[in-house]
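Below is one structure, written out as structure tokens; the observations come after it.
The values are calculated or read from the model by the stated rules, or taken from the named source; none is laboratory data. Just so you know, these numbers come straight off a predicted model, no measurement behind them. Glycine also receives a Cβ, built like all others from the backbone with ideal geometry; neighbour counts cover every protein chain displayed.
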Amino acid sequence: MADQKTTKITIDPVTRVEGHGRVTLHLDEQGEVSDARFHIVEFRGFERFIQGHPYWEVPVLVQRLRHLPSKPPSGGGQSD
């Protein structure tokens, strides 16, 4: 990889996470992602729990661990 020209893209800060987060993407000469990293400062323990799971499973796993609702309440907070 030292001989190839690569591009680095950093998204910093990442919002909607607890604490500070950053995403770093490395692109090869063809513009394809060759490496992607998600950096988070805080360690709450369940990061290890979700390792190895497909990315689309993570929101479901995390919401159950943190007791977050899967969707916002209907009615804009007004009672029926």
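Being out of contact with any Gly (no Cβ under 6 Å at 6 or more places or on another chain) and touching a residue at least 12 places away in the same chain (Cβ under 8 Å) is the filter here; which residues of region 30-49 pass it? Steps first, please.
So the first thing to find is which residues in region 30-49 are out of contact with any Gly (no Cβ under 6 Å at 6 or more places or on another chain), and the list is 30-39, 43-49.
Residues satisfying the conditions are Gly31, Ser34, Ala36, Arg37, Phe38, His39, Arg44, Phe46, Phe49.
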Filtering region 19-28 down to residues that are at pLDDT below 90 and in a loop (DSSP other than H, G, I, E, B) yields Gly19, His20
Original post:
Do we find a residue being of a type in the set (Ser, Thr, Tyr), in a loop (DSSP other than H, G, I, E, B) and at pLDDT below 70 anywhere in region 7-18?
Top reply: no
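Residue-wise test of (1) out of contact with any Lys or Arg (no Cβ under 8 Å at 6 or more places or on another chain); (2) at pLDDT 75 or above; (3) of a type in the set (Ser, Thr, Tyr).
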site: Ala36; (1), (2), (3): yes, yes, no
site: Arg48; (1), (2), (3): yes, yes, no
site: Gly52; (1), (2), (3): yes, yes, no
site: Trp56; (1), (2), (3): yes, yes, no
site: Val60; (1), (2), (3): yes, yes, no
site: Arg66; (1), (2), (3): yes, no, no
site: Ser74; (1), (2), (3): yes, no, yes
